[in-house]
Structure formats: structure tokens, C-alpha cells
Amino acid sequence: MQSLPDIRGFIKNTLIEWDGLISSEVFLPGCNFRCPYCHSYELFTKPDELDAVSWDDVCKYLDEKKGWVDGLVLCGGEPFMSRGILNCLEMLKNRGIKVKIDTNGYFPEELRKAIARQLVAYIAMDIKAPLNALEYSRVTGVNNVDILKLVESINLIKKSGIDYEFRTTVCPVYINKKNVVEIAKSIEGAKKYSLQQFNPKNCYSTSLRGIKPYLKEEIYEMKKLVAPYVESCMVKGV
Ligand code: SF4
């Protein structure tokens with residue numbers, strides 16, 4: 001039997017992870033980044049202590065709720081670094097389950113295969129910072145980020161013909177107006193760009209837990225600034 005990734009979290013129904021759809025969501029352990037504002041950090045700090053869920057149980061649930069739950073969101077951590085991720089996407093496709101994948105864009109080879117085999121219906125890629133190694137290291141908490149991998153993923157997604165969005169978490173410590181404009185320019189012409197409100201609650205870095213998020217008006221001001229570069233821009237979480 002082909003190996004499938006471990007699951008370390010399962011939300012049966014959510015309305016906020018796939019715009020316009022009711023979806024289920026599974027969490028896959030492990031991540032190559034260490035973003036200080038991460039809320040899923042237990043997936044890389046202590047994955048073995050989290051409750052495991054089997055793919056059989058997830059698929060059984062989705063079969064039972066067919067026609068009511070529209071699809072499954074795979075997130076992490078970073079799903080594309082999980083061993084067996086492509087087998088898993090293939091298995092879900094064969095069972096008629098529509099999949100959205102959330103990725104940080106650092107695994108373009110797996111992404112390329114998933115796109116070529118039409119294994120996903122929606123891709124959401126985080127763009128954490130302007131595309132230069134220094135800025136990216138600051139926001140992701142790791143050294144020597146290979147920006148070319150991110151650029152490759154961006155280009156693959158834009159040309160894929162698959163529905164997608166790029167998104168940036170606007171944490172005031174790391175991202176300002178100038179940064180979001182720089183990011184928007186680097187994805188110019190993209191179908192959709194989302195600005196995600198920062199949530200200080202239970203961040204990986206305890207030093208961010210007291211940081212005040214941007215005001216709603218400030219994020220909408222950012223939205224105005226990035227709008228000329230993308231087809232549509234959304235604000236989320238405010
Ligand atoms: S890429 Fe996502 S899962 Fe990984 S550390 Fe950053 S926010 Fe957390």
C-alpha cells in the first residue's frame with residue numbers, strides 16, 4: 001500500500017477556509033518555516049503529541065456528507081513537504097473529493113506535479129514578505145531562503161489554469177504598506193491577492209502576543225494600494 005501523510009488535526013466543517021464553500025480541513029505535520037506569527041506551531045514543535053486521525057475516517061466522513069460538504073482543505077504545516085502527499089492527492093481525486101491546498105510555496109517540484117496531474121481544485125499560496133532573502137528570513141524565522149523556489153511556485157500557480165489566491169499576513173512588526181505594494185508588484189496580474197489580518201493570540205513567538213494588529217482602516221488602505229496590480233484583492237479576518 002502506498003504511504004499517505006499523517007494527519008494531526010481534522011475540522012469537520014468550516015466556512016472560512018475555502019471562499020464560498022463548506023469544507024472540511026485536515027492538518028498535516030511539519031513545516032520548513034518558523035514564522036513568529038504561526039498559530040499551527042504544534043504541528044512542528046510537538047506533532048507526535050497531537051491526536052492522529054486516519055484517512056479512512058476523513059474519507060468516510062466526506063462520503064457521508066457528500067452534497068453538503070463541498071471539499072477538503074489540506075493545510076499544515078506545509079503539506080507539500082509531507083511524504084506521500086501526491087499519493088494522497090491522487091487517492092482523494094479518485095474518490096471524487098475536491099481539494100484545496102494551502103502552501104508556503106517552497107516545494108515547486110511537488111506543486112508542479114500536483115498541477116500537471118490536476119490533483120487540486122484550488123491553491124492558496126502565502127507570500128510572507130517581499131521576495132528577497134533578507135526580508136523573507138526575517139518573517140519566516142529561517143536562514144538562507146531560496147527565493148527562486150518561491151518565484152517558481154508563483155509562476156506555476158499563475159499559469160496553472162487552476163483557481164488560486166496569494167495571501168499575506170499583515171503583522172505590523174514585519175509588514176508595512178510599502179511591503180504589500182512590493183509583494184503585489186511581484187505577482188502583478190494575479191487573479192486574487194488576500195491581505196490576512198494578524199492575530200496576536202497564541203502566536204509561536206511569545207513576543208508577538210502583545211502586539212496590536214493593524215486597524216481595519218489601515219488594512220483597507222493597504223488594499224487600495226495593492227488593487228492596481230491584481231485582478232481582485234480581499235481583506236480577511238477583520
Ligand atoms: S509557513 Fe505556515 S505553518 Fe509554517 S511556520 Fe509559517 S505560518 Fe506556520
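The values are calculated or read from the model by the stated rules, or taken from the named source; none is laboratory data. Predicted, not measured: the structure shown is a model, and the values here were computed from it. For neighbour counting, all protein chains shown are included, and Cβ atoms are generated from backbone atoms with ideal geometry for every residue, glycine included. Remember, those area values only see protein heavy atoms, side chains included, never the ligands or the DNA or RNA. Shrake-Rupley method; radii C 1.70, N 1.55, O 1.52, S 1.80 Å.
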Out of region 38-48, which residues are near the ligand (Cβ under 7 Å from one of its atoms) and either polar (S, T, N, Q) or assigned to a loop (DSSP other than H, G, I, E, B) (or both)? 38, 40, 41
If we ask which residues in region 113-144 are without any contact (Cβ under 8 Å) to a residue 24 or more places away in the chain and either at negative phi or part of a helix (DSSP H, G or I) (or both), their number turns out to be 7
Taking residue 111, is it open to solvent by less than 10 Å² (accessible area, probe 1.4 Å) and not β-branched (Val, Ile, Thr)? yes
Any idea how many residues of region 188-238 are away from the ligand (no atom under 16 Å from the Cβ), under 21 Å from the mean Cα position of the chain (by Cα) and of a type in the set (D, E, K, R)? 5
Which of the residues belonging to region 58-85 are closer than 20 Å to residue 43 by Cα and either within 16 Å of the ligand (Cβ to nearest atom) or assigned to a helix (DSSP H, G or I) (or both)? 58, 73, 74, 75, 76, 77, 78, 79, 80, 81, 82, 85
Inspect all residues belonging to region 170-184 and state whether any of them is of a type in the set (A, V, I, L, M), surrounded by 15 or more Cβ atoms within 10 Å (Cβ to Cβ) and assigned to a strand (DSSP E or B). yes
Among the residues of region 128-159 satisfying the criterion of being away from the ligand (no atom under 14 Å from the Cβ), closer than 14 Å to residue 187 by Cα and in contact with a helix residue (DSSP H, G or I) (Cβ under 6 Å, 6 or more places away or on another chain), which is least open to solvent (accessible area, probe 1.4 Å)? 130
